[in-house]
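Before any comments, here is the structure.
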Amino acid sequence: MDIVLFGKPGAGKGTQAPRIAAALDVPTVATGDVLRGAVRAGTPMGLAAKAYMDRGDLVPDDVILGIMKETLGKGEFAKGSLLDGVVRTTPQAEGMSRVLAELGRNVDAVLVFDVDDDELVQRLGSRTVCEQCQTPYTGRQAGERCENCGGTLMRRKDDEPEAVRNRLAVYQRQTAPVLAWYQEHGTRIATINAVGSVDEVTRRALDALRGAGVGGGEKRR
Ligand code: AMP
């Protein structure tokens, strides 16, 4: 089972991904986390990606597809994946469909997180993330400790207002058209209202996926 989590920056994909993944018993791939890890480790890929990320621009498609091909080829992803932050362009949708086809799979559903821009700007303005495990928090200060791993919370450079404005524009220009591509290719698309408590949004996500015919046999929590 391969599911794409889709939505604007700050829509809650990163908060919900581990919960949905646990319920459906499939691992998550978050391209943003992979890229930030590469930046921290100072690898050639990280060095090349950093400038795009700091501005809020998208990293080139061939880099993303390279990451996905390598990641999905690993044994732990043999039964599926929850894709957080990829697919973000139409060429990525096409490329991912080829990567999955080589594994005898395809995208089973796209789950769209719907939140309006004012709410997103507010959320990202008060977001911190754990520098170690990347867990996102709203309303917690940089320097506080992560509840998940004890790491230090920090502000993301691309959550500053100018980069956020650019990320929303990039979403409209490059990412929003991906939904039409999936529609044309007959992929099931489920949309949820992603404003609400974390538990509420998880419930809506799992209900919507069940409605789209995936995740019926999820693990009990
Ligand atoms: P995220 O953590 O998903 O908000 O991603 C942070 C940044 O990483 C984005 O603003 C992009 O610069 C880059 N990035 C993550 N995923 C992708 C992707 N699928 N395609 C292109 N760039 C990406």
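The values are calculated or read from the model by the stated rules, or taken from the named source; none is laboratory data. Since this is a predicted model, take the numbers as computed values, not measurements. We place every Cβ from the backbone using ideal geometry, glycine too, and count neighbours over all the protein chains shown. Side chains included, ligands, DNA and RNA excluded: accessible areas come from the protein's heavy atoms. Shrake-Rupley method; radii C 1.70, N 1.55, O 1.52, S 1.80 Å.
See the values below:
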| quantity | calculated |
| --- | --- |
| For the range 158-170, 3J(HN,Hα) per residue [Karplus equation, 6.51 cos²θ - 1.76 cosθ + 1.60, θ = phi - 60°, Hz, x = Gly/Pro] | 7, 9, 6, x, 5, 5, 5, 4, 5, 4, 5, 5, 4 |
| Burial order of peptide ranges 35-44, 162-171 (average beta-carbon count within 10 Å, highest first) | 162-171, 35-44 |
| Accessible surface of Thr128 - all protein chains present, 1.4 Å probe, nearest 10 Å² | 0 |
| Chain lengthening between Lys74 and Val195 when straightened (0.36 nm per residue, less Cα-Cα) | 40.1 nm |
| Cα-derived Rg over Rh, computed across the range 79-149 with Rh taken as Kirkwood radius | 1.09 |
| Largest-first principal axis extents of the Cα set of the chain (Å) | 43, 38, 33 |
| Dipole magnitude of the range 1-116, debye to nearest 20 (Cβ charges: Lys/Arg +1, Asp/Glu -1, about Cα centre) | 240 |
| Most to least accessible of Met53, Met68 (protein chains only, probe 1.4 Å) | Met53, Met68 |
| Alpha-carbon centroids, the range 76-105 and the range 124-185: separation in whole Å | 21 |
| Carbon + sulfur, % of accessible area of the range 70-126 - ligands and nucleic acids excluded, 1.4 Å | 44 |
